[in-house]
1. So which residues in the stretch 58-81 are open to solvent by less than 40 Å² (accessible area, probe 1.4 Å), part of a loop (DSSP other than H, G, I, E, B) and not polar (S, T, N, Q), if there are any at all?
2. List pairs: first residue in the stretch 255-266 and of a type in the set (G, A, S), second residue surrounded by fewer than 21 Cβ atoms within 10 Å (Cβ to Cβ) and assigned to a loop (DSSP other than H, G, I, E, B) anywhere in the structure, Cβ distance under 8 angstrom, at least six positions apart or on different chains.
3. For E188, state whether it is in contact (Cβ under 8 Å) with a residue 40 or more places away in the chain and within 18 Å of the chain's Cα centre (by Cα).
4. Of the numbered conditions (1) assigned to a loop (DSSP other than H, G, I, E, B); (2) open to solvent by less than 60 Å² (accessible area, probe 1.4 Å); (3) of a type in the set (S, T, Y), T102 satisfies every one except a single condition; which is it?
5. Looking at L281, L218, L243, L256 in this structure, which one is open to solvent by less than 70 Å² (accessible area, probe 1.4 Å) and under 17 Å from the mean Cα position of the chain (by Cα)?
6. Any idea how many residues of the stretch 323-347 are without any contact (Cβ under 8 Å) to a residue 40 or more places away in the chain, of a type outside the set (A, V, I, L, M) and surrounded by 17 or more Cβ atoms within 10 Å (Cβ to Cβ)?
7. Within the stretch 143-157, is there a residue that is surrounded by fewer than 19 Cβ atoms within 10 Å (Cβ to Cβ), modelled with pLDDT under 95 and of a type in the set (K, R)?
8. Restricting to the stretch 293-314, and then to whatever is among the polar types (S, T, N, Q) and open to solvent by 30 Å² or more (accessible area, probe 1.4 Å), can you tell me which residue is farthest from A335 (Cα to Cα)?
Amino acid sequence: MPPTNGPRAANANVVSIAPLEEAQRPVTQVPFLLREARPTDAAPILRLARLLDSINLPTERRDMDVLIRRSVQSFRGKLRQRAEGMYLFVIEAQTPHRIVGTAMIIAKHGTPESPHYYLEMATDQRYSKTLKTMFKHTYLTLRRNIDGPTEVGGLIVDPTFRHHPARIGKQLSFIRFLYLAMYPDPFEDEVLAEMMPPLTDTKDSLFWGCYGKRVTGLDFRKADKLSTKDKEFIETLFPSIPLYVCMFPVEVQEQLGKVGPESQGAVYLLEKVGFHFLRHLDPFDGGPYYGAKVEDLTLVQRFRRYRLMTDRSGRTVAAQHELLIGWEGAKGFRAAQVMAEPEASVLFCSAEVLKALDLKEGMEVGAIPFL
């Protein structure tokens with residue numbers, strides 16, 4: 001399954017919005033576990049994808065099976081080309097066991113076989129001596145990248161867990177940066193995130209209606225789905241000459257590069273850790289691309305490795321730190337948000353937390369602050 005363009009593509013960052021229904025569940029020491037997706041997760045992940053009426057993740061079982069198989073191979077290091085890597089994470093409620101969200105890392109978004117297409121924003125200044133008038137025009141130019149960055153996306157939260165006290169969306173967002181810090185070799189030096197812009201009530205794009213549809217003859221959903229399989233029509237049908245934004249209706253101009261309400265929380269978290277708007281837009285919906293150098297991300301800079309020890313000092317919760325820890329075990333990559341106390345190269349955790357996560361003293365974990 002190649003990296004895709006499009007507003008609800010596999011690389012889009014989306015957190016669903018819905019009333020919280022389960023926030024009053026009994027809280028255990030570790031109520032949620034983050035882990036790599038496995039083949040038996042296909043049905044619950046499909047439930048999430050279909051529930052949100054989105055191709056944020058595949059909505060067909062066959063495509064989902066292909067994605068999960070590639071993800072498993074990526075985590076095991078069994079792909080022939082590291083650029084083909086796709087790492088799918090899930091977050092699982094522990095009481096009862098239920099997958100309530102997903103997140104993903106695409107090792108490389110933009111290759112000779114599947115370029116990354118985007119619209120670059122720039123400014124053209126014009127001045128008339130006769131009229132004594134100056135204009136600054138924003139224009140868009142179609143670009144492609146065949147040596148692209150790593151991309152983070154695929155962030156979906158079950159609607160009933162939106163605004164949960166455990167901050168499910170934040171855990172899913174941060175797990176990607178923890179993994180990038182723990183295992184940098186399969187990934188690029190820069191990281192990208194595509195954000196969903198405002199859409200209509202029917203999930204259509206005003207921008208596509210006055211641009212993409214006119215140059216391809218395709219409606220928004222059909223073009224979006226086609227781009228997950230084949231991008232040839234982008235290269236051959238989209239104009240290569242600059243596109244002046246002032247030629248669009250005002251309501252379209254106002255939406256270009258803006259973030260939709262479903263993505264505002266995700267953008268806040270990305271900006272907090274070091275992402276910035278690249279002045280690049282998705283050529284389908286006009287949504288913004290955010291990016292950063294991996295080494296500049298605050299979470300990556302504050303990443304540390306520790307050996308686990310049981311905390312027998314009786315420290316209060318107030319004296320502990322809120323961390324996201326990750327480790328490799330017999331069941332693959334796993335992670336969890338915990339309260340613990342780091343001292344030098346040792347991380348002190350309560351016996352209850354270690355037992356809940358099936359962790360042993362002396363095991364190595366990676367950790368980032370859960371700010």
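1. P58
2. Final answer for the pair search is G260/P198.
3. Working: in contact (Cβ under 8 Å) with a residue 40 or more places away in the chain: yes; within 18 Å of the chain's Cα centre (by Cα): yes.
Considered against the rule, which asks whether it is in contact (Cβ under 8 Å) with a residue 40 or more places away in the chain and within 18 Å of the chain's Cα centre (by Cα), E188 comes out as yes.
4. (1)
5. On the way: L218 fails: under 17 Å from the mean Cα position of the chain (by Cα); L243 fails: under 17 Å from the mean Cα position of the chain (by Cα); L256 fails: under 17 Å from the mean Cα position of the chain (by Cα).
One residue alone meets the criteria, L281.
6. Just the residues of the stretch 323-347 that are without any contact (Cβ under 8 Å) to a residue 40 or more places away in the chain, to begin with: 327-330, 339-344.
Then drop every residue that is not of a type outside the set (A, V, I, L, M), which leaves 327-329, 341-343.
Next, only the ones that are surrounded by 17 or more Cβ atoms within 10 Å (Cβ to Cβ) stay: 327, 341.
So the count comes out to 2.
7. Of all residues in the stretch 143-157, those surrounded by fewer than 19 Cβ atoms within 10 Å (Cβ to Cβ) come to 143-147.
Restricting the remaining residues to those that are modelled with pLDDT under 95 gives none.
No, that holds for no residue.
8. The first filter runs over the stretch 293-314 and keeps only residues among the polar types (S, T, N, Q), leaving 298, 301, 310, 313.
Next cut, open to solvent by 30 Å² or more (accessible area, probe 1.4 Å) only: 298, 301, 313.
Values: T298: 19, Q301: 19, S313: 24 Å.
This residue is S313.
The values are calculated or read from the model by the stated rules, or taken from the named source; none is laboratory data. Remember, it's a predicted structure, so these values are computed and weren't measured experimentally. Here Cβ is always computed from backbone atoms with ideal geometry, including for glycine, and neighbour counts include all displayed protein chains. Keep in mind that these areas ignore ligands, DNA and RNA; they rest on the heavy atoms of the full protein, side chains included. Shrake-Rupley method; radii C 1.70, N 1.55, O 1.52, S 1.80 Å.
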